[in-house]
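For reference, the structure discussed in these notes is given below.
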Amino acid sequence: MTRFILAALALVCFAGAANAADLTVVVTDSAGKPVADAVAILDAPGQQAPAPGNFTITQKDMQFVPQVLVIPVGSTVGFGNLDPFRHHVYSFSPARKFELKLFGQGETRPVRFDKVGVVAIGCNIHDQMQAFIQVVDTPHAAKSGANGRIVLRGVPAGSFRLRVYHPFLRAPANQLTFTVNTATTSSLPVSLKLRKPAPMNHDY
């Protein structure tokens, strides 16, 4: 009986793995050029959230690097200053409000992100500095590189909601929503209408 149960479980696991596939989202702007730093999130119920990790956003040449970061909920981000002057990092976003008062070159300040959502980050001294953290509770989330491609690995077969986010997208909440059948679709082209970046407001 035990052998039968183990064999049945192995068969179920194999079937689930066989049904999993990759979904590629190809993101371009209205001129057809690839868009970097777009985030695709597949909302597939029942998927185990990835384990929290440790990530880094540096301040260098009065910029946040990277500008867009995707992290599992519960993760910690270290904000490190590589500039020869001080920064004052903050966010008023509902998903994570925090303030890291003046800290200088070589210093790093950690912040834990324990709520799903988008966190917009600025510097209280340099208004042009902006970063955006997408905090997720799904393993099927990633951002595009310079080629505009996002590959979501091992997505289950079925009809799911797919959200595509970009901090400068002209759309409510800076995202578009699609329904995609991953059993029949392996590649999805997405065109975004982007606005020009604007300095952060301190009440963002």
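The values are calculated or read from the model by the stated rules, or taken from the named source; none is laboratory data. Keep in mind that what you see is a predicted model, and the values were worked out from it rather than measured. Here the Cβ positions follow ideal geometry from the backbone for every residue, glycine too, while neighbour counts run over all protein chains shown.
Annotations for the structure displayed:
- Members of segment 38-68 that are buried (at least 21 other Cβ atoms within 10 Å of the Cβ) and part of a loop (DSSP other than H, G, I, E, B): 38
- Enumeration of residues in segment 144-170 that are farther than 15 Å from residue 134 by Cβ and part of a loop (DSSP other than H, G, I, E, B): 145, 146, 147, 148, 156, 157, 158, 170
- Among the residues of segment 112-142, those that are of a type in the set (Gly, Ala, Ser) and in contact (Cβ under 8 Å) with a residue 60 or more places away in the chain comprise 120, 122, 131, 141, 142.
- Subset of segment 82-99 (residues that are crowded, with 20+ Cβ neighbours inside 10 Å and modelled with pLDDT of 95 or more): 89, 91, 96
- Residue that is buried (at least 19 other Cβ atoms within 10 Å of the Cβ), out of contact with any Cys (no Cβ under 6 Å at 6 or more places or on another chain), aliphatic (A, V, I, L, M) and modelled with pLDDT of 95 or more, where the choices are 111, 116, 151: 111
- Flag for residue 108 being hydroxyl-bearing (Ser, Thr, Tyr) and assigned by TED's automatic domain parsing to the domain that holds residue 72: yes
- Taken over segment 145-161, residues that are touching a His at 6+ places or on another chain (Cβ under 9 Å) and of a type in the set (Gly, Ala, Ser) amount to 1.
- Residue 78 vs. criteria at positive phi and surrounded by fewer than 20 Cβ atoms within 10 Å (Cβ to Cβ): no
- Residues of segment 164-187 satisfying the condition of being out of contact with any helix residue (DSSP H, G or I) (no Cβ under 8 Å at 6 or more places or on another chain) and either outside the structural domain of residue 29 (by TED's automatic domain parsing) or aromatic (Phe, Trp, Tyr) (or both): 178
- Residue-level analysis places residue 118 among those that are touching a helix residue (DSSP H, G or I) at 6+ places or on another chain (Cβ under 8 Å) and closer than 18 Å to residue 55 by Cα.
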